[in-house]
Amino acid sequence: MQLTWILRLTLVFTLMVILMGAYTRLSDAGLGCPDWPGCYGQIKVPTQDHEIARAQTIFPDHDIQTEKAWLEMIHRYIAAGLGLLILFIFIICLKTPTAPKKLPTLILLLLIFQAVLGMWTVTMKLMPIVVMSHLIGGFSLISLLLILYLRIRQKQVNIGGLQTQNLAILALVSLVILIGQIMLGAWTSSNYAALACTTLPICEGNWIDNLAIADAFSPFQGQHPSFEFGVLDYPARMTIHIAHRFGAIITTGVLLLLAYKLFVSTRALKTLSLLLVALVILQVTLGISNIVMHLPLGIAVSHNGGAALLLLTLVTINYFLWRKA
């Protein structure tokens with residue numbers, strides 16, 4: 001019982017880290033602190049005159065913006081708290097004979113790699129492939145924590161029926177497609193392509209003739225002093241944005257099909273199917289609002305949170321279906 005409550009708290013903490021990371025990135029505060037893990041050589045943001053003077057001496061080429069620096073440091077403080085919780089979970093699982101061992105170890109290793117990616121995000125000046133990997137790592141972490149929670153809780157769901165195997169395959173395909181769409185979203189955000197198209201349904205102008213797929217999806221974009229605000233030209237950013245829109249259409253269709261199949265096939269997962277429909281509608285609404293309202297900060301952060309909740313819902317559905325299958 002104690003471990004389940006700790007896991008619930010850790011899941012909430014992980015979601016907070018994801019949301020705070022999105023808020024920091026969308027506030028252009030990813031380089032609010034030019035070093036890692038501290039900020040301008042200190043454990044907190046320099047605010048006193050002598051601290052600012054010292055920071056300017058160490059980092060003469062940086063303009064100290066305390067608001068952005070605090071956003072970055074608050075994100076790091078919450079992430080540090082998450083790290084302590086995961087370490088605590090790992091120790092409890094090692095000491096509990098009946099608890100899983102491999103999954104907590106994997107989660108701890110992923111956490112360490114996430115810390116390395118966090119460092120690289122700063123030291124490599126927001127290189128898109130690193131930023132995207134860091135975001136995907138956060139989504140992977142919360143998914144593995146949910147699976148550990150479900151295993152510890154050992155809740156059984158009586159699904160029944162002969163279509164469990166087919167449903168499980170559809171659920172797995174849906175999960176893979178959603179992960180691909182989340183990666184597209186992360187690539188869109190890390191390349192500052194969210195406002196490359198501002199009209200519906202696809203993009204303004206003669207977008208078909210301006211697609212630049214090779215440039216848009218090249219993981220390495222050369223050497224630059226910083227990748228903040230993006231280094232790709234407009235055709236490449238437009239291509240990324242359009243790919244994310246088409247991905248959204250495909251993802252929406254597949255997830256709604258899965259929700260329908262779950263609703264009519266198994267009584268035990270009806271609640272999850274309705275939750276899935278609600279989250280898909282919410283996510284589509286947030287995505288359209290981002291375009292129409294030109295990426296307001298609150299809606300953009302909520303769009304990241306909606307993706308995380310969709311992922312957790314699909315992970316839960318897959319967990320129960322594949323255990324039955």
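Computed from the coordinates by the stated procedures, all read-outs in this text should not be read as laboratory data. As the structure is a prediction and not an experimental result, all values here were calculated from the model. Here the Cβ is made from the backbone with ideal geometry for all residues, glycine too, and neighbour counts use every protein chain on show.
Think of the chain as having a plus end and a minus end, set by charges on the Cβ of Lys, Arg, Asp and Glu; of Ile242, Leu126, Ile281, Ile281 sits farthest toward the positive end of this dipole. Under the simplified labelling scheme, the Ile52-Asp28 pair shows an inter-label distance of 2.0 nm, with each label point 7 Å from Cα along Cα→Cβ. Within the chain, the longest run free of exposed loop sites, counting GluC sites (Glu not before Pro) that sit outside DSSP helix and strand states (H, G, I, E, B) and have at most 14 other Cβ atoms within 10 Å, spans 1-203. In terms of distances greater than 20 angstrom between alpha carbons, the cross-link table entries Lys102/Lys270; Lys95/Lys324; Lys261/Lys324 yield Lys102/Lys270; Lys95/Lys324. Annotation: amide H-H contacts under 5 Å for Cys39 (H modelled 1.01 Å from N, sequence separation of 5 or more, or interchain): Lys44. Ignoring lysines fewer than eight residues from Lys68 along the same chain, the ones with Cα atoms less than 25 angstrom from its Cα are Lys44, Lys125. Binning the alpha carbon pair distances of the range 246-325 at 10 angstrom intervals from zero yields the distribution 18, 47, 26, 9, 1, expressed in whole percent. Under a model in which nothing but the beta-carbon of Lys, Arg (+1) and Asp, Glu (-1) is charged, the range 159-277 shows a dipole of about 720 debye around its Cα centre.
The simple Förster model, with R0 at 56 Å and r as the Cβ-Cβ distance, assigns Ile92 and Asn210 a FRET efficiency of 0.55.
About its Cα centre, the dipole of the range 1-126 is roughly 780 debye, where the only charges are +1 on Lys and Arg Cβ and -1 on Asp and Glu Cβ.
If R0 is 41 Å, what FRET efficiency do you get for Thr66 and Leu282 from their C-beta distance, rounded to 0.05? Between Thr66 and Leu282 the formula returns 0.75. Placing unit charges on each Cβ (+1 for Lys and Arg, -1 for Asp and Glu) gives the chain a dipole about its Cα centre, and among His75, Val315, Gly38 the Cα reaching farthest toward its positive end belongs to Val315.
Peptides 206-218, 30-42 ordered by packing proxy, namely the average of other Cβ atoms within 10 Å per residue, highest first: 30-42, 206-218. Projecting the Cα atoms of Trp187, Ser143, Leu175 onto the charge dipole of the range 77-225, computed from C-beta unit charges around the Cα centre, puts Ser143 farthest toward the positive end. Over the chain, DSSP H runs of length four or greater, each weighted -39,500 (n - 2.57), average out per residue to a 222 nm ellipticity of -24500 deg cm²/dmol.
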